[in-house]
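J.: Sharing a structure below in structure tokens format, with a few things to ask.
Bear in mind these aren't lab numbers, they're just calculated from the coordinates by the rules spelled out. Not measured: the values here are computed from a predicted model. Here the Cβ positions follow ideal geometry from the backbone for every residue, glycine too, while neighbour counts run over all protein chains shown.
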């Protein structure tokens, strides 16, 4: 098992509107002489509550992302209607109160909150919390706390990539069969070494196209943290954005604190030799209650590469 660690510097920036956070990347597709747009979002935190991915600034049907950064006893309130959410602590310590009960979360911990809920987030010192939501949910499930340490060393901490040393990683499935939910699956992934390959092999679980999964499909967000051991260098990863029917991979540069929509394409991630990275991932199933994250289409020839 790869031990979780803190990757990337802690910093905040000026607030931005959701519209200003959307910044499509443009990538040249090999052999086609055409430009492909990759749906990306500036996820850099700002003090307070920041909506990062919404229904208006993205093509997501179900998934949403917000960031909550609080300091020195500040608090924030969040309201869920026909939505469910997972709250994941990136840094610091947060106290989340739901239905009169308070849960204290540290780095890597997750709180699942069901529909029609009011959430108050507090911190004594500081906290940086990601809120991943799925909309259009119709069953209210109870609040469920998952501590990162509780799944480390269990079957929910999947050590993958043993066939290829550069792809060795641990996928911590924080919200999976251990949590009741309508649509959401959630976790984080840590690489065994710098210059690693994550989400390998290239795989796809979108709804459309010749290999689309239709009602069994899932949307997905990746949110990256990257760092380099070369002083003054800018860390980045290369994210595959090839369509499932394409034989040649297509890679976009993704920098620290960027979230992307990986739903329409293959998704595997390559880091330069100097770069270490981790990412949080969140899926929403198109069909409520159909949360088998392993239901995917692998790039032909890569079926046994997990």
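J.: Looking at the stretch 286-304, which of its residues are touching a helix residue (DSSP H, G or I) at 6+ places or on another chain (Cβ under 9 Å) and under 20 Å from residue 189 (Cα atoms)?
T.: At the first step, the residues of the stretch 286-304 found to be touching a helix residue (DSSP H, G or I) at 6+ places or on another chain (Cβ under 9 Å) are 286-287, 290, 292, 295.
Residues satisfying the conditions are 292, 295.
For (1) surrounded by 12 or more Cβ atoms within 10 Å (Cβ to Cβ); (2) part of a loop (DSSP other than H, G, I, E, B), each residue gets a yes or a no:
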| position | (1), (2) |
| --- | --- |
| 8 | yes, yes |
| 26 | no, no |
| 46 | yes, yes |
| 49 | yes, no |
| 61 | yes, yes |
| 65 | yes, no |
